[in-house]
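Undergrad: Before I ask anything, here is the structure I am working with.
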Amino acid sequence: MKLYENGAYLVNGTEIVEDHTSVAEELFRKTGTRWDKTEAAKNTIAYGILEAHNTSGNMEKLQIKFDKLTSHDITFVGIIQTARASGLEKFPIPYVLTNCHNSLCAVGGTINEDDHMYGLTCAKKYGGVYVPPHQAVIHQYAREMLAGGGRMILGSDSHTRYGALGTMAMGEGGPELVKQLLDQTYDINMPGVVGVYLTGEPVKGVGPQDIALAIIGEVFANGYVKNKVMEFVGPGVSNLSVDYRIGVDVMTTETTCLSSIWRTDDKVQEFYDIHGRSEDYRELNPGAVAYYDGMIAIDLGTIRPMIAMPFHPSNTYTIEELNANLLDILEDCEKRAQVSFDGAVELDLKSKVKNGRLYVDQGIIAGCAGGGFENICAAADILKGASIGANEFTLSVYPASMPVYMELVRNGAAAALMETGAILKTAFCGPCFGAGDTPANNAFSIRHSTRNFPNREGSKVQSGQVASVALMDARSIAATAANQGYLTAATDMDVEYGKPKYFFDSKIYANRVFDSKGVADPSVEIQFGPNIKDWPAMSALPEHMVLKVVAEIHDPVTTTDELIPSGETSSYRSNPLGLAEFTLSRKDPSYVGKAKEIQKAQKAIEADSCPCEAVPELNPVMDTIKASYSGVNRQTVGIGSVIFAVKPGDGSAREQAASCQKVLGGWANIAHEYATKRYRSNLINWGMLPLLIDQGDLPFANGDYLFLPDIRKAVAEKAAKIQAFVVKDGAMQEFSLTLGELTDDERDIILKGCLINYNRK
């Protein structure tokens, strides 16, 4: 794999020319035409799709309107509640509500099904589509029923990726979907486009997760594709089946790219034909000469079975490399765990070595990444006639949709798997976020799923529990299962893959999915469960701000799972204050108490009472501030909390990572950088300041008070620097912060206090 240091031109889809001082002459010799970089950049597939959906008239400052929206049952209640508070009357574009995250998790009594009934009644009232539990995971339904060539889809799940089908899809926090529901736009600068040039074809036994992990391992840490569009081109694309392409594509989220798109061909056309949607196919190719801001060249034949060790998809090795350096790599993972878990619990991976080999306790093939038809058929071929054994090792397989499941039953693959001792389950995303198949303490799980962050398998470090997940392809998971839990690469198995043809049967959807066909019925009463609560009132940005630092995180990257845990806590997803009780519970269990304590001061201000009486420790802080800023009083100041993290926001698109802080009185985050655009957008849409501070020693510490004078004026007038002070021991130490680029609408949202206030009529 090669990452080009400079931008590159792609000539006729088959030749890469790296940008250099005399590239214009080289291109002229090759094509007979003078090529300008700006014009060649318009020849990418991504540019054409973005241009067709941009409403601003300015391709540098995009205002995108999407064709369709999709959400699942961790996010759609909050999204619709936000839109309802802002005057929603009808879904203006197709909006699909799937139920794949909280369908097997029983925690919380009636909560899950209450949310599902809320979704069904909202689909009827506002004119949407409702996919009942167990029918399909969100992204498989979108592939089968929503994607189309040249379209754009926005989803409230970070793995919203349908580029292999010719659809540019993006995963964002819920407020961005709210904007689309209210006929507003998705506002971004024109993203860079990085070409992914594929040649060759994978060797037998190498699957899509292997290709994906190889890419993630190369580009995550260096930010090569961060917030850019990955465009897959080159002759190697046609050597991959569409199912295979989908398996690579969905994992592009883990590179931190903005979106993805692939060139399309007759195999993609066949996919649409099979699914009864031939009219949705569109051939997509880059122009004769297309310019890319970066280029990744991959010979598919060089990729070998991969494994992403705990606790990130970028912690990658070939399985061969892991087996050759087993104890050293396991020890490195244990050391990383000490950092991630702050020493709260000890991970012991070296004990998993038996007879010189790594023993695995659990295998899972599931969700939008692993649950595809070809992955499961390949696993069945590998396991044919084998037994997974009667020891600790277990194997669970979750087909990604009921149509896929039905075809596996019809072609015999399901029976072949079950005969080995594997368990087949219905479409469910739980193994990806810690709500299903939680292994035993200190167990090691290998999964063809999307993420392996700390606690992503469902253990609770604060209760002394720890398990770990490694990501692998379904083929090598099956090979490991065939060897009854001893880690094995699929390339080490002599297997004849049957490659059965897929037949899509839409009857199950026709019989069970509610589709309004875009027709709203205002007479429908929304069904509310007792856990579904409205958002609390939120104040506008004050003139001045006093912030208490209530958490300080120095991990290189902080995931959204650490900001607000997934898994069982998501039962409170529709109850803003209930869910907020779990904020930062995995990283800093003291956070909630400290945030709520300082929030008492803001609540006192809103009740026209004295904040210092509510929080007595504020007395010397406010005295020090007023000595220099006499205009600071309860009419002009806001008081709340702030967290510092080095690089927060990797992972999920769940808006709750920001909203939970806000409902506890959080006014800001301070970071060296934000891991993803979507987390920063979530902060903004909940009226929180996405502050940045330069690398180096921090001028403040956990527990310190910060003062931001004239913060409202600074935001409104687009100040380049935000003046700030550490208020301590009767003195004020000045330092500087920045906000990064904000659109005028984003500034207005922050000034008004949140997106709900911005839109409220």
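Undergrad: Counting only residues that are of a type in the set (Asp, Glu), give me the helices (runs of 4 or more DSSP H) lying completely in the stretch 1-101 with at least 2 of them.
TA: Hits in the stretch 1-101: 23-31.
Undergrad: Can you name the residue in the stretch 324-333 that is of a type outside the set (Val, Ile, Thr) and surrounded by 16 or more Cβ atoms within 10 Å (Cβ to Cβ) and, of all such residues, is modelled with the lowest pLDDT?
TA: Among them, the one singled out is Cys333.
Table: residues versus (1) modelled with pLDDT of 90 or more; (2) farther than 30 Å from Asp342 by Cα.
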residue	(1), (2)
Ile446	yes, no
Pro454	no, no
Val469	yes, no
Ser476	yes, yes
Asn483	yes, yes
Tyr502	yes, yes
Ser506	yes, yes
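Undergrad: Quick check on Leu739: is it over 21 Å from the mean Cα position of the chain (by Cα) and closer than 22 Å to Asn227 by Cα?
TA: On the way: over 21 Å from the mean Cα position of the chain (by Cα): yes; closer than 22 Å to Asn227 by Cα: yes.
Considered against the rule, which asks whether it is over 21 Å from the mean Cα position of the chain (by Cα) and closer than 22 Å to Asn227 by Cα, Leu739 comes out as yes.
Undergrad: Filter the stretch 592-616 for residues that are basic (Lys, Arg) and either out of contact with any helix residue (DSSP H, G or I) (no Cβ under 6 Å at 6 or more places or on another chain) or in the same structural domain as Gly464 (by TED's automatic domain parsing) (or both) and give the result.
TA: Passing the criteria: Lys594, Lys596, Lys603.
Undergrad: For residues in the stretch 344-385 being out of contact with any helix residue (DSSP H, G or I) (no Cβ under 8 Å at 6 or more places or on another chain) and part of a strand (DSSP E or B), which is surrounded by the fewest Cβ atoms within 10 Å (Cβ to Cβ)?
TA: Going through the qualifying residues, I end up with Lys354.
Undergrad: Of all residues in the stretch 489-501, count the ones that are touching a residue at least 60 places away in the same chain (Cβ under 8 Å) and not in a helix (DSSP H, G or I).
TA: Final tally of qualifying residues: 8.
Undergrad: I'd like to know if the stretch 452-461 contains one or more residues that are surrounded by fewer than 23 Cβ atoms within 10 Å (Cβ to Cβ) and either among the acidic types (Asp, Glu) or in contact with a Lys or Arg (Cβ under 7 Å, 6 or more places away or on another chain) (or both).
TA: Yes: one or more hits.
Undergrad: Every residue in the stretch 670-728 that is assigned to a strand (DSSP E or B) and within 20 Å of the chain's Cα centre (by Cα), please. Spell out the reasoning first.
TA: First, pick out the residues of the stretch 670-728 that are assigned to a strand (DSSP E or B): 670-671, 689-692, 705-708, 722-728.
Ala671, Pro690, listed by residue number.
Undergrad: Answer yes or no: is there a residue in the stretch 690-700 that is among the small types (Gly, Ala, Ser) and either surrounded by 22 or more Cβ atoms within 10 Å (Cβ to Cβ) or within 30 Å of Arg84 (Cα to Cα) (or both).
TA: Checking the stretch 690-700: not a single residue is among the small types (Gly, Ala, Ser) and either surrounded by 22 or more Cβ atoms within 10 Å (Cβ to Cβ) or within 30 Å of Arg84 (Cα to Cα) (or both).
Undergrad: Inside the stretch 425-450, can you point out the residues that are at negative phi and surrounded by fewer than 19 Cβ atoms within 10 Å (Cβ to Cβ)?
TA: The first filter runs over the stretch 425-450 and keeps only residues at negative phi, leaving 425-433, 435-436, 438-441, 443-450.
Of everything in the stretch 425-450, those that are at negative phi and surrounded by fewer than 19 Cβ atoms within 10 Å (Cβ to Cβ) turn out to be Thr426, Ala440, Asn441.
Undergrad: Could you list, in sequence order, all residues of the stretch 404-451 that are within 15 Å of Ala379 (Cβ to Cβ) and part of a loop (DSSP other than H, G, I, E, B)?
TA: Correct list: Gly412, Gly421, Ala422, Lys425, Ser449.
Undergrad: Restricting the search to the stretch 391-412, which residues are of a type in the set (Gly, Ala, Ser) and more than 19 Å from Gln135 (Cα to Cα)?
TA: Gly412 - this is the single residue of the stretch 391-412 that is of a type in the set (Gly, Ala, Ser) and more than 19 Å from Gln135 (Cα to Cα).
Undergrad: Considering only the stretch 468-477, how many residues are more than 18 Å from Thr438 (Cα to Cα) and in contact with a strand residue (DSSP E or B) (Cβ under 8 Å, 6 or more places away or on another chain)?
TA: Restricting attention to the stretch 468-477, the residues satisfying the condition of being more than 18 Å from Thr438 (Cα to Cα) are 473-476.
Okay, now just the ones that are also in contact with a strand residue (DSSP E or B) (Cβ under 8 Å, 6 or more places away or on another chain), so 473-474, 476.
The qualifying residues number 3.
Undergrad: Shifting gears a bit: Are any residues in the stretch 453-487 under 17 Å from Glu320 (Cα atoms), part of a loop (DSSP other than H, G, I, E, B) and either small (Gly, Ala, Ser) or free of Cβ contacts under 8 Å to residues at least 60 places away in the same chain (or both), and if so, which ones?
TA: Correct list: Asn483, Gly485.
Undergrad: Looking at Thr44, is it over 30 Å from Arg654 (Cα atoms), outside the structural domain of Asp157 (by TED's automatic domain parsing), of a type in the set (Ser, Thr, Tyr) and modelled with pLDDT of 95 or more? Can you show your working first?
TA: Working: over 30 Å from Arg654 (Cα atoms): yes; outside the structural domain of Asp157 (by TED's automatic domain parsing): yes; of a type in the set (Ser, Thr, Tyr): yes; modelled with pLDDT of 95 or more: yes.
Yes; evaluated as a whole, the condition is true for this residue.
Undergrad: Which ones in the stretch 392-421 are surrounded by fewer than 23 Cβ atoms within 10 Å (Cβ to Cβ) and among the small types (Gly, Ala, Ser)?
TA: If the condition is that a residue be surrounded by fewer than 23 Cβ atoms within 10 Å (Cβ to Cβ) and among the small types (Gly, Ala, Ser), then Ser396, Gly412, Ala414, Ala415, Ala416, Gly421 are the ones that fit.
Undergrad: Considering only the stretch 124-152, state which residues are in contact with a Ser or Thr (Cβ under 6 Å, 6 or more places away or on another chain) and of a type in the set (A, V, I, L, M, F, W, C).
TA: Result: Val131, Ala136, Ile138, Ala142, Ala147.
Undergrad: On to the next question. For Gly640, only one of the following conditions fails: (1) outside any strand (DSSP E or B); (2) in contact (Cβ under 8 Å) with a residue 40 or more places away in the chain. What is its number?
TA: (1)
Undergrad: Hey, does the stretch 111-123 have a residue that's surrounded by 24 or more Cβ atoms within 10 Å (Cβ to Cβ), of a type in the set (A, V, I, L, M, F, W, C) and not assigned by TED's automatic domain parsing to the domain that holds Pro565?
TA: yes
Undergrad: For the stretch 313-323, does any single residue satisfy the condition of being outside the structural domain of Arg34 (by TED's automatic domain parsing), more than 29 Å from Leu584 (Cβ to Cβ) and charged (D, E, K, R)?
TA: Yes, there is a match, as at least one residue in the stretch 313-323 is outside the structural domain of Arg34 (by TED's automatic domain parsing), more than 29 Å from Leu584 (Cβ to Cβ) and charged (D, E, K, R).
Undergrad: Would you be able to tell me the number of residues in the stretch 224-256 that are within 16 Å of the chain's Cα centre (by Cα) and surrounded by fewer than 24 Cβ atoms within 10 Å (Cβ to Cβ)?
TA: Count: 3.
Undergrad: May I ask you to list the residues in the stretch 620-637 that are of a type in the set (Lys, Arg) and in a helix (DSSP H, G or I)?
TA: Lys626
Undergrad: Among Gly155, Gly149, which is the only one that is surrounded by fewer than 24 Cβ atoms within 10 Å (Cβ to Cβ) and modelled with pLDDT of 95 or more?
TA: After ruling out the rest, the residue left standing is Gly149.
Undergrad: Being surrounded by 24 or more Cβ atoms within 10 Å (Cβ to Cβ), within 20 Å of the chain's Cα centre (by Cα) and either in a loop (DSSP other than H, G, I, E, B) or not assigned by TED's automatic domain parsing to the domain that holds Gly109 (or both), is that true of even one residue in the stretch 538-559?
TA: For the stretch 538-559, residues surrounded by 24 or more Cβ atoms within 10 Å (Cβ to Cβ), within 20 Å of the chain's Cα centre (by Cα) and either in a loop (DSSP other than H, G, I, E, B) or not assigned by TED's automatic domain parsing to the domain that holds Gly109 (or both): present.
Undergrad: OK, next. Quick one: in the stretch 166-190, of everything that is buried (at least 21 other Cβ atoms within 10 Å of the Cβ) and assigned to a loop (DSSP other than H, G, I, E, B), which residue is farthest from the chain's Cα centre (by Cα)?
TA: Ranking the qualifying residues of the stretch 166-190, first place goes to Gly166.
Undergrad: When the stretch 44-101 is examined, which residues are found to be touching a Pro at 6+ places or on another chain (Cβ under 9 Å) and either among the acidic types (Asp, Glu) or free of Cβ contacts under 8 Å to residues at least 24 places away in the same chain (or both)?
TA: Hits for the stretch 44-101 are Asp67, Asp73, Glu89.
Undergrad: Of everything in the stretch 560-591, what is in contact with a helix residue (DSSP H, G or I) (Cβ under 7 Å, 6 or more places away or on another chain), surrounded by fewer than 20 Cβ atoms within 10 Å (Cβ to Cβ) and either of a type in the set (Asp, Glu) or not in a loop (DSSP other than H, G, I, E, B) (or both)? Give them in sequence order.
TA: Leu577, Gly578, Glu581
The values are calculated or read from the model by the stated rules, or taken from the named source; none is laboratory data. Remember, it's a predicted structure, so these values are computed and weren't measured experimentally. We place every Cβ from the backbone using ideal geometry, glycine too, and count neighbours over all the protein chains shown.
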